[in-house]
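**Student:** Take a look at the following structure, please.
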Amino acid sequence: MKKNTVVVSSIFALILNFAGVADSSGSGGVAAKENLRILLQKRTCKECDLSGLNFNRMDLSGVDIEGADLSLSTFFLTDLSGANMKGCTLNGAVFGGADLEQADLRGADLRGVDMSTAYITGALLDGGFITDVPYENIGVTELEKEVYVEEQEKPKKNPDNKTAVVVAENVTTEQPGDDGGALQTVQPEAPEVKKINPVETAVVSMPKVEEPPAETAVEKVESGNAVEKTEPVPELQPAENPKKKQLERLLDTKRCYGCDLSGLDLSGKNLKNADLEAADLSGCNLLDANLENANLKGANLKDADLRNADLESADLYKADLRGADLTGTKRKNTLLDGALLEGTVGLSEGM
């Protein structure tokens, strides 16, 4: 256990050093630093070299950097919302807490990219992200990482069947000439093509078989009267509520990205460290719920009852809290950057 603790501490120290807030130029070359200056001035720098730079906390929303080389660059808390990043090279880049909402990353090379804490709601990607445990081979299972997985190739279509064409060999024979002298090569005449008359379709008249009229099954009773026999109607089973299934998945895995839990009773639930990014929690009863360190980026919490809930260190970046009741909530180190707070109740408490 002590070994694992040392390894985890070393990893975090390495991440903090790598993310450092030294000069914004990072370790990029002279050309990359000049390109960064142009980008900040003109908001565009297509297919340029921006590798190895430090973009931490910069506002790059809406920039056009299609085809640029951004490998080994850092983007901690960088605003890249709506950016055109199609075809960019992003090998080894780190996007800690970056905003990539509606960013276009189609065709980008995302091998080795770390987006574990980035906000990617609405981002255009060719593939997707899965949760991986990158240091499991050395006994560290506490650290998880979002790993990009490219979209699987579509199955290739079989080539169209071609008609096989067989070419007859050129068969020759030799026979004496007309004067009985030298032999002559004679090409055989093509056989006469016989004309095949089309086969007329034979029409066979089938006798019409009349089906007996359908009779209602009857059952005789002792009185002699006929009573119509009825089959018992099976009871219809109610359809399974998809929200209930998603709630079960959330409670089992603490992950429910973008799921619809609107209107559910989640009062008192332990959702500590839960990943509820972009989830619909509007109208939910979250009274006394434990949401400590939960990922609620972009979540819809409109009109939700969050009274006395624990929101310490929860990330509510760009969450919709309009009309929500936050009376009595614990909000130490709670992140509310970009959140919609119009009509929110109890927000002034503990501020």
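Read-outs throughout are calculated quantities, based only on the coordinates presented, and are distinct from any laboratory measurement. Since we're looking at a predicted model, the values are computed, not measured. Positions of Cβ are backbone-derived with ideal geometry, glycine not excepted, and every protein chain shown enters the neighbour counts.
**Student:** Can you sort Lys243, Lys269 from fewest to most other Cβ atoms within 10 Å of each residue's own Cβ?
**Tutor:** Exposure proxy ranking, most exposed first: Lys243, Lys269.
**Student:** Additional query: Taking a 25 Å limit on the Cα-Cα distance, which of the listed pairs Lys244/Lys272; Lys33/Lys297; Lys46/Lys318; Lys86/Lys302; Lys86/Lys243; Lys269/Lys330 fall beyond it?
**Tutor:** Flagged as over cut-off: Lys33/Lys297; Lys46/Lys318; Lys86/Lys302; Lys86/Lys243.
**Student:** How big is segment 245-346 along each principal axis, measuring the range of its Cα positions in Å and listing the largest first?
**Tutor:** Sorted from largest, the Cα extents of segment 245-346 read 31, 22, 22 Å.
**Student:** Among 291-298, 83-90, 248-255, what's the highest-first ranking by average C-beta atoms within 10 angstrom per residue?
**Tutor:** Result, highest mean Cβ count within 10 Å first: 291-298, 83-90, 248-255.
**Student:** Please arrange Arg331, Arg37 by how many other C-beta atoms lie within 10 Å of their C-beta, fewest to most. Walk me through the intermediate numbers first.
**Tutor:** On the way: Arg331 20, Arg37 11.
Listed from fewest to most nearby Cβ atoms, that is Arg37, Arg331.
**Student:** On full extension of the chain, what length is gained from Asn270 through Asn333, given 0.36 nm per residue of separation minus the C-alpha to C-alpha distance?
**Tutor:** The span from Asn270 to Asn333 would gain 20.8 nm if fully extended.
**Student:** Through the Karplus equation 6.51 cos²θ - 1.76 cosθ + 1.60, θ set to phi - 60°, convert the phi angles of segment 316-333 into ³J(HN,Hα) values in whole Hz; use x for Gly and Pro.
**Tutor:** With coefficients 6.51, -1.76 and 1.60, one gets 10, 4, 6, 6, 9, 10, 5, x, 6, 9, 9, 4, x, 6, 8, 10, 5, 6 Hz.
**Student:** Label points 7 Å out from Cα along the Cβ direction at Glu47 and Thr253: separation in nm?
**Tutor:** Here the answer is 4.1 nm between the modelled labels.
**Student:** Could you line up Cys284, Cys45 from fewest to most neighbouring Cβ atoms inside 10 Å? Intermediate values should be presented prior to the final figure.
**Tutor:** Working: Cys284 25, Cys45 21.
The order, fewest Cβ neighbours first, is Cys45, Cys284.
**Student:** Relative to the present Cα-Cα distance, how much length would full extension add between Ser61 and Ala31 at 0.36 nm per residue of separation? Please list the in-between numbers first.
**Tutor:** Values: separation 30, 0.36 × 30 = 10.80 nm, distance 2.24 nm.
The Ser61-Ala31 span can extend by a further 8.6 nm.
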